[in-house]
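Below you'll find the structure, written out as structure tokens, and then a few comments.
The values are calculated or read from the model by the stated rules, or taken from the named source; none is laboratory data. These numbers were taken from a predicted model, which means no experiment stands behind them. Positions of Cβ are backbone-derived with ideal geometry, glycine not excepted, and every protein chain shown enters the neighbour counts. Surface accessibility is based on the protein's heavy atoms, side chains included, excluding ligands, DNA and RNA. Shrake-Rupley method; radii C 1.70, N 1.55, O 1.52, S 1.80 Å.
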Amino acid sequence: MSLLEALEISGKRVFLRCDFNIPLKDGVITDDGRIRASLPTIKYLLDGGASLIIGAHLGRPKGEVKPELSLAPVAKRLAELLNLPVEFVGAVSGGEVSIKAQTLQSGQILLLENLRFSAAETSKDENERGAFAQQLADLVDAYVGDGFGAVHRKHASVFDLPQLLPHAPGYLVTAEVEVLKKLTQDPERPYGVVLGGAKVSDKIGVIANLLDKVDLLAIGGGMVFTFLAAQGKEVGSSLVETDLIATVKELIARAEINGVDLHLPTDIVVAPKFAADAPATLVNADAIPADQMGLDIGPASSADFAAAIATCKTVFWNGPMGVFEFPSFAAGTKVVAEALTKVSGISVVGGGDSAAAVRSMGFADSDFGYISTGGGAALEYLEGKELPGLSALGL
């Protein structure tokens with residue numbers, strides 16, 4: 001019996017923390033993967049006779065009400081996916097929320113507005129967070145945490161609230177933790193990690209931690225230019241975090257000492273500006289013109305990365321290889337994604353932009369071993385950090 005199945009839910013009002021931090025364009029959801037990911041938990045709770053108050057966040061409104069970050073479109077999409085009514089309340093606390101919560105019947109769903117519209121949700125003041133968590137706790141009888149993408153945050157609905165109620169992790173959080181344990185506890189080898197995205201600073205901790213654990217490390221995306229600069233190569237107007245060059249030099253040296261097979265691009269697709277219509281040019285990685293910026297890894301690098309991935313039994317990938325939103329600079333990401341679909345062991349796509357990228361390119365979730373819903377949370381887990389939301393759930 002799982003922790004969720006041990007929780008008494010029949011006839012109970014359950015606060016379900018989901019991660020509905022989905023991409024929106026002009027108010028339209030462009031990737032509903034995170035909504036779909038919580039459906040098994042939602043259906044289990046409804047089938048078990050619970051009524052649900054769902055809390056989630058979208059973006060970073062920083063305690064302000066921002067209509068463009070409303071969860072109203074999520075309520076509509078969730079109702080479509082469940083083929084059930086989902087009542088949406090445009091508030092996170094107060095009289096209207098309390099009244100609607102008290103009248104909920106078994107099998108009914110109430111979705112609260114973006115929790116981060118309340119400054120208390122993300123407050124660093126424990127008393128302020130605790131008071132908000134108590135307001136939410138007063139609405140319900142039990143708590144289920146299924147928002148994996150937020151478990152690395154010490155927020156009221158993630159950390160404080162479960163400690164006030166009988167609680168359990170949802171199926172999504174349990175599945176995410178099981179996959180991450182496979183990556184950290186005796187993974188099948190060779191074990192490869194492919195990292196991309198814009199900034200080295202976002203990944204420096206996980207790289208440092210993984211250098212003792214992986215057999216292969218491939219670096220692409222905007223972060224690669226700090227690596228190339230650390231090797232003394234000309235990177236033009238590409239994104240470089242100069243304050244991290246010394247640290248990156250140490251990481252490159254450590255990779256060599258540890259026998260990690262480090263792959264960096266040998267060719268780069270460049271452009272004079274960051275724009276979809278910018279003319280793309282292919283250059284060697286050590287010959288980027290001063291007036292050009294790198295926006296994707298080149299075809300030779302993509303082929304090298306794919307060949308390296310093919311040798312692995314376990315692969316974790318986080319971060320696109322280039323600006324995949326621009327068709328001229330999406331090829332590197334697509335080649336890497338294709339390579340992951342052919343891994344004979346387990347391939348894990350590490351949430352966020354990586355998940356959005358593979359779906360936008362026509363890949364199905366089932367093409368991969370697992371698609372994580374939480375890029376930042378997954379990275380911090382792999383970095384060896386304790387995640388507050390998991391600790392609060394007893395995981």
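About the Cα centre of the chain, what is the dipole size in debye to 20, counting +1 per Lys and Arg Cβ and -1 per Asp and Glu Cβ, all else neutral?
Details: 33 positive and 48 negative charges, 74 e Å.
Using only the charged Cβ atoms, the result is roughly 360 debye.
Between Y143, Y44, Y171, find the one with the highest GNM mean-square fluctuation for the chain; connect C-alpha pairs within less than 10 Å.
Y44
Find how many whole Å separate the alpha carbon centroid of region 1-46 from the alpha carbon centroid of region 343-373.
20
For region 246-337, which GluC sites (Glu not before Pro) are both in a DSSP coil and crowded by at most 15 other Cβ atoms within 10 Å?
On the way: sites: E250, E256, E325; in loops: E325.
Taking region 246-337 and a limit of 15 other Cβ atoms within 10 Å, the loop GluC sites (Glu not before Pro) found are E325.
From the square roots a ≥ b ≥ c of the eigenvalues of the alpha-carbon gyration tensor of region 1-72, which class results: rounded (a/c under 1.5), prolate (a/b over b/c), or oblate?
On the way: a/c = 2.85, a/b = 2.04, b/c = 1.40.
Prolate, because a/c is 1.5 or more and a/b exceeds b/c.
From the Cα gyration tensor of region 1-141, with a ≥ b ≥ c the square roots of its eigenvalues, which class applies: rounded if a/c is under 1.5, or else prolate if a/b is larger than b/c, or else oblate?
The shape class here is oblate.
Under a Cβ-only charge scheme (Lys and Arg +1, Asp and Glu -1), can you give me the dipole magnitude of region 1-57 about the Cα centre, in debye to the nearest 20? Intermediate values should be presented prior to the final figure.
On the way: 7 positive and 7 negative charges, 22 e Å.
In debye, rounded to 20, region 1-57 gives about 100.
Roughly how many Å² of R36 are accessible to a 1.4 Å probe, to the nearest 10?
Rounded to the nearest 10, the figure is 120 Å².
Which residue fluctuates most in the GNM of the chain (Cα springs below 10 Å): A253, A306, A119?
Looking only at A253, A306, A119, the largest GNM fluctuation is found for A253.
Give a quick list of chymotrypsin sites (Phe, Trp or Tyr not before Pro) in region 301-395 that DSSP marks as loop, anything other than H, G, I, E or B, with at most 10 other Cβ atoms within 10 Å.
Counting only loop positions with at most 10 other Cβ atoms within 10 Å, none of the chymotrypsin sites (Phe, Trp or Tyr not before Pro) in region 301-395 qualifies.
What is the calculated FRET efficiency for D125 to L164, with r their C-beta to C-beta distance and R₀ = 25 Å, to the nearest 0.05? Mind dumping the intermediate values first?
Working: r = 17 Å, r/R0 = 0.68.
With R0 = 25 Å, the Cβ-Cβ based efficiency is 0.90.
For K199, list the lysines whose Cα falls under 21 Å from its own Cα; do not include residues on the same chain fewer than 8 positions away.
K233, K249, K273, K334, K385
How many angstrom lie between the Cα centre of region 162-217 and the Cα centre of region 76-139?
So the separation of the two Cα centres works out to 30 Å.
Looking at region 29-83, which GluC sites (Glu not before Pro) are in a loop (DSSP not H, G, I, E or B) and have at most 12 other Cβ atoms within 10 Å? Show your work: numbers first, answer last.
Values: sites: E64, E68, E80; in loops: E64.
When the GluC sites (Glu not before Pro) of region 29-83 are filtered for loop state and at most 12 Cβ neighbours within 10 Å, E64 remain.
Using the Cα gyration tensor of region 199-291, with a ≥ b ≥ c the square roots of its eigenvalues, what is the shape: rounded (a/c below 1.5), prolate (a/b larger than b/c) or oblate (neither)?
Working: a/c = 2.12, a/b = 1.98, b/c = 1.07.
In terms of gyration-tensor shape, prolate.
Among G205, G352, G95, which one shows the biggest mean-square fluctuation in a GNM of the chain, springs joining Cα atoms closer than 10 Å?
The residue that fluctuates most here is G95.
Calculated from DSSP H runs of 4 or more alone, at -39500 (n - 2.57) each and per residue, what is the 222 nm mean residue ellipticity of the chain, nearest 500?
Numbers: 14 runs with 131 residues, N = 395.
Mean residue ellipticity, 222 nm, calculated: -9500 deg cm²/dmol.
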